[in-house]
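The values are calculated or read from the model by the stated rules, or taken from the named source; none is laboratory data. These numbers were taken from a predicted model, which means no experiment stands behind them. Here Cβ is always computed from backbone atoms with ideal geometry, including for glycine, and neighbour counts include all displayed protein chains. For accessibility, only protein heavy atoms count, side chains too; no ligands or nucleic acids. Shrake-Rupley method; radii C 1.70, N 1.55, O 1.52, S 1.80 Å.
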Amino acid sequence: MEKTFLMIKPDGVGRGLVGEIVKRIENKGIKIVGAKLMTVSEDLAKTHYGEHSEKPFFGELVDFITSGPVFAMVLEGENVVEIGRTLVGKTNPAESAPGTIRGDFGMTVGKNIIHGSDSVASAEKEIALWFKQEEIIDYNLVTSTWVY
Ligand code: RTP
Ligand code: MG
């Protein structure tokens, strides 16, 4: 089954939005198979956002993501990478539709509440970077019967 990586950024955790965001994920029918509150080292931040290392905002992005705890999650479900990005909304909250997490809670691109893997390949890389194998739990979610 497809997996993706979502991470509530320090602004989302600091504003007390973890429960609201987890509720949206559960309500959608997505299975949470890994979750942890954690601080992010500079190394981890730089590796995670490596594709942006030449961008002018890279330093700010690394400072931001290491500035407080994040809530990291591995999610599982059919087509969950694309569905996860749809729940998250567009990169810039100004372009994110109401009903999406960034559309409902974000104001600026620099503090946009949550990260979501942008492809199956990125999801695989990011899950391996952020989670140990034993932190990902295989179990049955009863509601799956009614979702698929
Ligand atoms: P993310 O990786 O965090 O899920 O965001 P994304 O795919 O929607 O957007 P991406 O292009 O990967 O950008 C990564 C993060 O960099 C920050 N950013 N700042 N100041 C700027 O113009 C700018 N552009 C991007 C955002 O916080 C974005 O989430
Ligand atoms: Mg991205």
Exercise. If you check every pair at least six apart or on different chains, which have Cβ atoms under 7 Å apart with a residue in segment 116-134 that is free of Cβ contacts under 8 Å to residues at least 60 places away in the same chain first and a residue that is assigned to a helix (DSSP H, G or I) and open to solvent by 20 Å² or more (accessible area, probe 1.4 Å) second?
Worked result: ASP118/ARG85
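Name the residues in segment 27-37 that are more than 15 Å from ILE136 (Cα to Cα) and surrounded by 13 or more Cβ atoms within 10 Å (Cβ to Cβ), would you?
Restricting attention to segment 27-37, the residues satisfying the condition of being more than 15 Å from ILE136 (Cα to Cα) are 27-29.
Within segment 27-37, LYS28, GLY29 meet the criteria.
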Exercise. Can you name every residue in segment 82-100 that is of a type in the set (A, V, I, L, M), touching a strand residue (DSSP E or B) at 6+ places or on another chain (Cβ under 7 Å) and more than 12 Å from ligand 2 (Cβ to nearest atom)?
Worked result: LEU87
For this session: Return a yes/no flag: does segment 69-90 have any residue that is at positive phi and within 11 Å of ligand 1 (Cβ to nearest atom).
Result: yes
For this session: Could you please tell me which pairs satisfy a Cβ distance under 8 Å, a separation of 6+ or placement on different chains, a first residue in segment 53-81 that is of a type in the set (Val, Ile, Thr), and a second residue that is open to solvent by 80 Å² or more (accessible area, probe 1.4 Å) and part of a helix (DSSP H, G or I)?
Result: VAL62/GLU42; VAL62/LYS46; THR66/GLU42
For this session: Please specify each residue of segment 39-75 satisfying the condition of being of a type outside the set (Val, Ile, Thr) and buried (at least 20 other Cβ atoms within 10 Å of the Cβ).
Result: HIS48, PHE71, ALA72, MET73, LEU75
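Restricting attention to segment 88-100, and to residues there that are of a type in the set (A, V, I, L, M) and surrounded by fewer than 21 Cβ atoms within 10 Å (Cβ to Cβ), which single residue is nearest to THR47 (Cα to Cα)? Break it down stepwise before answering.
Step one: filter segment 88-100 for residues of a type in the set (A, V, I, L, M), giving 88, 94, 97.
From the residues that got through so far, the ones that are surrounded by fewer than 21 Cβ atoms within 10 Å (Cβ to Cβ) too are 94, 97.
Details: ALA94: 27, ALA97: 30 Å.
Out of the qualifying residues, it is ALA94.
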For this session: Select from segment 125-147 the residues that are open to solvent by less than 50 Å² (accessible area, probe 1.4 Å) and closer than 13 Å to MET7 by Cα and write down the one among them that is nearest to ligand 2 (Cβ to nearest atom).
Result: GLU126
Exercise. Is it true that PHE105 is more than 10 Å from ligand 1 (Cβ to nearest atom), over 27 Å from TYR148 (Cβ atoms) and in contact (Cβ under 8 Å) with a residue 24 or more places away in the chain?
Worked result: yes
Seminar exercise, completed: Of the residues in segment 101-124 that are farther than 17 Å from VAL70 by Cα and more than 15 Å from ligand 2 (Cβ to nearest atom), the one that is surrounded by the fewest Cβ atoms within 10 Å (Cβ to Cβ) is THR108
Seminar exercise, completed: Residue hits (segment 7-26; loosely packed, with under 13 Cβ neighbours inside 10 Å and not charged (D, E, K, R)) are GLY16, GLY19
